[in-house]
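Beneath this line is the structure, given in structure tokens, with notes to follow.
Any read-out appearing in this document is the output of simple, stated calculations on the displayed coordinates, not a laboratory observation. Since we're looking at a predicted model, the values are computed, not measured. Using ideal geometry, Cβ is built from the backbone for each residue, glycine included, and neighbour counts are taken over all protein chains shown.
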Amino acid sequence: MAVLTHRATPRSRRSGRRLAADAGLLVVAAAFALPLAWVILSSLDAHADLRVKMPDGVTLSNFDAVLKPDITFTPLLNSLILCGGGTALTVVCAALAAYPLSRFRSRLNRPFLLTILFATSLPITAIMVPVYALFVQVNLIDTTQGTVFFFAASQLPFAIWLMKNFMDGVPKELEEAAWTDGASSLQSLVRIVLPLMGPGVAVVTVFSFVMMWGNFFVPFMLLLTPDQMPASVSINEFFGNRGTVVYGQLAAFSVIYSTPVILLYVLVARRLGGGFALGGAVKG
Amino acid sequence: MRPTAAPVLLATLLAATTLTACGSGSGSDPDTVKVSYKQSTDNSIRVMDTYLGEMKKQFEKANPGKKVELVPIKAPDSEYYTKLQQMLRSPKTAPDLVYEDTFLINSDITSGYLKPLDPYLDKWSDWGRFIGTAKAAAKAQDGKTYGVPDGTDTRGLWFDKGVFAKAGLPADWQPKTWDDILAAARTIKKKVPDVTPLNVYTGKPAGEAATMQGFEMLLYGTGDGTTDPLYDTASKKWIAGGQGFKDALGFVETVYKEKLGPDVTDALDPNFATSVRGELLPKGKLGIDLDGSWLPQDWLKGSGHEWPEWSQKLGLARMPTQHGQAPGKVSMSGGWTWSIPSKASNPDLAFTFVKTMQTKANAQKWYIANSGIAVRNDVAADPAYVKAQPGIKFFTDLVASTHYRPAYPAYPRVSTAIQEAMESVTTGDSSVDRAASAYDEELKTVTDGQVTRK
Amino acid sequence: MSAGTRAASPPVRPLGARGAAPRRGGLLRSLTRTLPLAPAVVLLLLFLAGPIVYCAYIAFTDLQLTGQAHASFVGFDNFRAAFRDDAFINAVWLTLVFTVLSSLVGQNTLGLALAALMERASKPVRTLVGAVVITAWVLPEVVAGFLLYAFFRREGTLNAILQWLHLPSQNWMFTLPILAVSFANVWRGTAFSMLVYSAALGEIPKEITEAAEVDGAGGWRRMWHITLPMIRRSIGTNLMLNTLQTLSVFGLIWVMTRGGPGNRSQTLPLFMYEQAFQNSMIGYGTAVALLLLVVGSLFSLVYMRLLRTEL
């Protein structure tokens, strides 16, 4: 008996441990899933309240009720314009900036990278009050482009940092061949480096987009006209009235508003291990 | 170079990089009046939207080629003012016409946000129809007038006759002192346990409603009931919290400590006022409500929470003074005005729109639609107006004995200090004495030390 | 340490006529080489550095949103006022509690635990847990706020569970709002730590842990003596980034409690917003913002020291 156990130890201990780990993880997952379950179940429930419960009957009426221009379509379109514009600007500027930082040795690189790294961690929330005051002075307040620029600037430090790290992973030899053929830096960046670091670019793009899509404070401060508001702000205004809010509709809108970023994330994560790549890039 | 260096640099760089080229819709159209107003956070209430929509139609018909663009700001009271002030700061966002609460108007005038209307008013014969107190409401310390009031209001006690019957209280209830109110609330709590006995607005989330409907309705009923307990006009100083102030806070504390009021979490929800009007009163879930004259606007036909039976279900009582001392009753009056921002691009057209809204017929329509109290004497005298709605007579009679807030530039911040004091006794975070002394400290800060003790 | 330090301290070259001609060519070349940096630099200067400079300026004025004709320079008044203001001190404390609870203890520990467990768990469980936790992270801030508002409300799921377990239920957002928002932040932010630690744990060579296992070291001892020391740089980085993100949380708290009731969940960002806009003291609010920025910068500098070797 004793001998038997002894022999079986490594495998059985491992599988026992796996079972324990599985159980522990499932408990945590259940805790994390409860609020998510609420939003999904309530969105399909005509009589939703604040509690997680199975709907009496599945209905799409909540979705019908919120799928209107002023509640859903306009804010989502605004979000798309703001975040799409901001992300495009971020990715282009970051790719351009990362190239010399990754490829050429200059005495400016280190101070520049240090500044970037420093800026990565600044609490953007803190500067929103002065940004608001500044935007009033220069007439950028309540403009889409002003908000796009600020979004891009606030994401740029991290985007440059990620982009440079990904770019460092692309071997330099490939470009050197292109250079001897007379290609310019820009050409080699666009034709050789970027295609080779596709996953990296995708991670930066998705990460920037997700961050902007969910951001509440920036548009809340910099935009004033209701028609320009992205979904992050309009959802709060529309459903901020807790006393009389229809929870099912709130849940339905939350689902609609969250789906794009979740899809994007899944796309990147499944194809490239996006989240894990991101974790790796910042782990230090 | 001090304050402007950074912005100027930024502006030039922006221009140089032609980043602004993609700007859209920033230019203002000389034929369009942009009108900003407060939209209810209750999605089914669209009283003002409906009325302004009608005015827009009239205006556009009478002035071919001109347009009105309505810019609703949907926010609870306390956040509406912030958004509005943010918009008024820049010519880019300043509308042509704004809906201003009179408590804030002097503050905004001092900031240079609004335009004096005297040149327009001089040439407008209807201005003579406005009663004196209304004209004064938007008159600044410089003697100029900055707004056209669209009505005024008074405040009193609303009570649910059904709840009162169950509690064995009279249907013609009229408390004589504060204690009478508390006694009625305690009776309701005991006999009708599933309703909230008494609502007194409180705390910062309720904003000015807490100060005015709640605190000032109490404070102005302390002392001799005639002198202003907040501001001393002779010395031009604000008055630190005295006994009356503490008594008023004590009333609030009692209401929430004894759980006579709504659940504190609900009371401190910025949208609680919306729930009171849309849910608690119509559903018979509230015994007594210390509130404004405008409540029925939500219950009129076509306004979202239709409840035509309200006049049978609800009773009205005057708010008594603390101990029943003369004059025996208290009311506060405020109101809103239409004002033209100093950064408006089409002020002339904006005033034309004001004139459209303020013809006798349209003004009357609005007073009735929003349950306002007429400030035009021709409407006030019109029997059709007096009879239009139950309650109008009750609240109009209160005008004779009403008080006006000392709406000087510092008032909004004094008001916030009051709300903070209320909130801290509501949650039980501090005692009445501590809250009152915290108020005194805050008062010194917000008025630059212009404080006196009485 | 290698490449970075070398680049930063190039051999000192004497300026002289000898180097003039090649230097001009070098200048042109380095100009074209740095040109791609221009758009990013312009954006960062205008929209990040600009506001920070402007912040430092407004913090010393008494600029107001309303009730004031002209703003004037007031020196350190705003800062003096802040340190005498009970509400500010309260906000500092709550910020500390919020940061320690939700970032240091919550996200960090839970993230590490999840990552460690996932190393051992079976693949389907790993995928499921990853999906759920990461979904919470990817959700927009306001949606997360609504979900947790619903979860913690008096009528919400948490109390339903507590009642089912015969435990006392309460209105979490009223009695312990700072705890409720801290949990909310853990819910929303743990995925980040989990990803960072998963990456770090994945890099520990299997032989090391297996060797320790053969030596008979138990799970906890292995964790404490082998794993943690090996990933200490990741821990440092993760702590810094978490702390900095937590310091800036605004939307989540705004949606759930708006800093209330009273100011029981009013962390510094909410205090700053309230002072600047609801109390219309933009100057004062900005002074608080500047303090927040300085604290953030200090953390940032520590973070950079941790990462020093990478550059």
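A few remarks follow.
- Take each residue of peptide C:122-129, count the partner chain Cβ atoms within 10 Å of its Cβ, and average: the result is 4.
- Alpha carbon Rg of the protein assembly as shown, scaled by the compact-globule rule 2.2 N^0.38 Å: 1.02
- Per-residue [θ]222 nm for chain C (sum of -39500 (n - 2.57) over DSSP H runs n ≥ 4, rounded to 500): -20000 deg cm²/dmol
- Each stretch of four or more DSSP H residues adds -39500 (n - 2.57); spread over every residue of chain A, this sum gives -24500 deg cm²/dmol at 222 nm.
- Computed 3J(HN,Hα) for the stretch C:175-184, one whole-Hz value per residue from the Karplus formula 6.51 cos²θ - 1.76 cosθ + 1.60 where θ = phi - 60°, is 6, 9, x, 5, 5, 4, 6, 5, 4, 4, glycine and proline marked x.
- Among A:17, C:153, C:126, sorting on how many other beta-carbon atoms sit within 10 Å of each Cβ, with the fewest leading, yields A:17, C:126, C:153.
- Partners for residue A:172 among lysines (Cα-Cα distance below 18 Å; same-chain residues under 8 apart left out): A:164
- Cα coordinate range in the stretch B:92-240, projected on the principal axes (Å, largest first): 60, 35, 34
- Shielding by other protein chains, C:256-269, mean Cβ within 10 Å: 5
- By other beta-carbon atoms within 10 Å, ranking C:207, B:420 with the fewest at the front produces C:207, B:420.
- Amide H contacts of residue B:155: B:332, each under 5 Å away and 5 or more positions distant or on a separate chain (H built 1.01 Å from N in the peptide plane; Pro and chain starts excluded).
- Summing charges over neighbours of residue A:219, with a neighbour being any other residue whose Cβ is under 12 Å away from its Cβ, gives -3 when K and R count +1 and D and E count -1.
- Average Cα contact separation per residue, chain B, under 8 Å, 6 or more apart, as relative contact order %: 26
- Per residue of chain B, the DSSP helices (runs of n ≥ 4 H) give a summed -39500 (n - 2.57) that works out to -11000 deg cm²/dmol at 222 nm.
- Built amide H within the under 5 Å cut-off of residue B:237, gap 5+: B:232
- Loop-located trypsin sites (Lys or Arg not before Pro) in the stretch B:156-259 (DSSP state not H, G, I, E or B) with no more than 14 neighbouring Cβ atoms inside 10 Å: B:176, B:236, B:259.
- Each of the peptides A:18-25, C:217-224, A:161-168 was scored by the mean count of other Cβ atoms within 10 Å over its residues; in descending order, highest first, they stand as A:161-168, A:18-25, C:217-224.
- Cut-off under 5 Å, modelled amide H: who pairs with residue B:37 long-range: B:71, B:73
- Radius of gyration, Dmax [the stretch C:260-311; alpha carbons; angstrom]: 15.2, 46
- Relative contact order (percent, whole number), the stretch B:169-310, Cα cutoff 8 Å, 6+ residue spacing: 30
- Residue by residue, the stretch A:211-226 carries 3J(HN,Hα) couplings of 4, 6, 4, x, 5, 9, 5, 4, x, 4, 8, 9, 10, 10, 5, x Hz when phi is fed to the Karplus relation 6.51 cos²θ - 1.76 cosθ + 1.60 (θ = phi - 60°); x denotes Gly or Pro.
- The stretch C:94-278 - Rg and Dmax from Cα coordinates, angstrom: 18.7, 64
- Relative contact order, percent, the stretch C:94-278 [alpha-carbon distance under 8 Å, six or more residues apart]: 37
- What the pair-distance distribution of chain B shows, using all Cα-Cα distances binned every 20 Å from zero, is 24, 56, 19, 1 percent.
- Computed on the Cα trace of the stretch B:208-257, the radius of gyration divided by the Kirkwood hydrodynamic radius gives Rg/Rh = 0.99.
- For A:157-170, mean number of other protein chain Cβ atoms within 10 Å: 1
- Ordered by the count of other Cβ atoms within 10 Å of each Cβ, fewest first, B:50, C:227 give B:50, C:227.
- Share of pairwise Cα separations in the stretch A:117-227, more than 21 Å, in percent: 51
- Based on the convex hull around the alpha carbon atoms, the stretch C:225-278 presents an average projected area of 5.1 nm².
- Once the gyration tensor of the Cα atoms in chain C is diagonalised, the equivalent ellipsoid follows with semi-axes of 39, 36, 16 Å, ordered largest first.
- Under the Karplus curve 6.51 cos²θ - 1.76 cosθ + 1.60, θ = phi - 60°, whole-Hz ³J(HN,Hα) for the stretch B:152-164, x wherever Gly or Pro sits: 10, 8, 9, 9, x, 9, 9, 9, 8, 5, x, 4, 4
- Using alpha carbons only, the radius of gyration of chain A set against its Kirkwood radius gives Rg/Rh = 1.08.
- Under the combined filter of DSSP loop state and at most 10 neighbouring Cβ atoms within 10 Å, the stretch B:194-276 retains none of its chymotrypsin sites (Phe, Trp or Tyr not before Pro).
- Qualifying trypsin sites (Lys or Arg not before Pro) in the stretch A:73-160, where qualification requires a DSSP coil assignment and no more than 15 other C-beta atoms within 10 Å, comprise A:105, A:107.
- Cα-based shape type of the stretch C:120-165, given that a ≥ b ≥ c are square roots of the gyration tensor eigenvalues and the cut on a/c is 1.5: oblate
- Considering the stretch C:188-227, its Cα convex hull presents a mean projected area of 3.0 nm².
- Checked against a 24 Å cut-off, the cross-linked pairs B:191/B:283; B:313/B:387; B:329/B:444; B:67/B:301; B:34/B:57 give Cα-Cα distances beyond that limit for B:329/B:444; B:67/B:301.
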